[in-house]
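Engineer: Could you have a look at this structure, given as structure tokens, before my questions?
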Amino acid sequence: MKSKYIPNTERHQLKWNNKFSNKPFSCNISEKNVEEITTLSIDIKYKILLLMGIGVFNNYTNIKYLEIMKKLAREQRLFLIISSSDYIYGTNYQFCNGYISNKNLTQEKVVQAFGRVGRFNLNQEYSIRIMNKDIIDKIFKPSINNIEADNMNRLFGI
């Protein structure tokens, strides 16, 4: 794929922004990964997105696609992962940037999502972008409806 279509590469930035940031993060998809991705039996839109460095988690995604995407995420080769709020549980990947836009997240899920950004490496730049004021309120105000805690209490008969 031509680099002008791969997010944050120099050619992409110059084409769409007319300037180049000297510290961009872009994906790094190897020739072997390209071969694996292009031979998958999935919708072409997911192939193209993954070749651009954008992974998508959803309920009907191909298992082999998920394996490739998780491997690329673990190796920090992806530019972006689009997912539901359920993705943050059970993952142990480090991300440099987080974009939180779902205002229906619980306080615990917001904290989990924040915890995925900036893990393990101390000398890098990290950012968390919050796209909704309701999310900020959930962080700094007491939680009235604690769904996860209520479910655990029910599970253990408390």
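The values are calculated or read from the model by the stated rules, or taken from the named source; none is laboratory data. Quantities reported herein were computed from a predicted structural model and do not represent experimental measurements. Quick reminder, even Gly has a Cβ in these numbers, built from the backbone with ideal geometry, and neighbours come from all protein chains shown. Areas reflect the complete protein model, heavy atoms only, side chains present, ligands, DNA and RNA absent. Shrake-Rupley method; radii C 1.70, N 1.55, O 1.52, S 1.80 Å.
Engineer: Could you grab the pairs with beta carbons closer than 6 Å, sequence gap of 6+ or different chains, first residue in region 1-18 and under 10 Å from Met52 (Cβ atoms), second one basic (Lys, Arg)?
Structural biologist: Listed pairs, sorted by first residue: His12/Lys4.
Engineer: Cβ contacts < 6 Å: first residue of a type in the set (Gly, Ala, Ser), restricted to region 143-157; second residue at pLDDT 75 or above and surrounded by 12 or more Cβ atoms within 10 Å (Cβ to Cβ), any location; separation 6+ or different chain. Result?
Structural biologist: Every condition considered, the pairs that remain are Ser143/Gln107.
Engineer: Scan region 27-37 residue by residue and report those that are open to solvent by 50 Å² or more (accessible area, probe 1.4 Å) and among the polar types (S, T, N, Q).
Structural biologist: Asn28 - this is the single residue of region 27-37 that is open to solvent by 50 Å² or more (accessible area, probe 1.4 Å) and among the polar types (S, T, N, Q).
Engineer: Within region 9-26, restricting attention to residues that are in a helix (DSSP H, G or I), open to solvent by 60 Å² or more (accessible area, probe 1.4 Å) and of a type outside the set (S, T, N, Q), which residue is farthest from Tyr126 (Cα to Cα)?
Structural biologist: Lys15
Engineer: When you scan region 31-74 for helices (runs of 4 or more DSSP H) that lie fully inside it, which ones turn up with 3 or more residues that are more than 27 Å from Gln13 (Cβ to Cβ)?
Structural biologist: 63-74
Engineer: Failed condition for Lys47, given (1) open to solvent by less than 40 Å² (accessible area, probe 1.4 Å); (2) out of contact with any helix residue (DSSP H, G or I) (no Cβ under 7 Å at 6 or more places or on another chain), with all others met?
Structural biologist: Among (1) open to solvent by less than 40 Å² (accessible area, probe 1.4 Å); (2) out of contact with any helix residue (DSSP H, G or I) (no Cβ under 7 Å at 6 or more places or on another chain), the lone unmet condition for Lys47 is (2).
Engineer: Would a scan of region 51-60 turn up a residue that is farther than 27 Å from Ser101 by Cα and in contact with a Ser or Thr (Cβ under 6 Å, 6 or more places away or on another chain)?
Structural biologist: Looking for residues that are farther than 27 Å from Ser101 by Cα and in contact with a Ser or Thr (Cβ under 6 Å, 6 or more places away or on another chain), one finds none in region 51-60, hence no.
Engineer: Leu40 versus (1) open to solvent by 50 Å² or more (accessible area, probe 1.4 Å); (2) farther than 18 Å from Phe79 by Cα: which is the lone unmet condition?
Structural biologist: Failing condition for Leu40: (1).
Engineer: Another question, then. Here is a list: Asn8, Asn59, Asn28, Asn33. Which entry is under 30 Å from Ile147 (Cβ atoms) and over 13 Å from the mean Cα position of the chain (by Cα)?
Structural biologist: The unique qualifying residue is Asn59.
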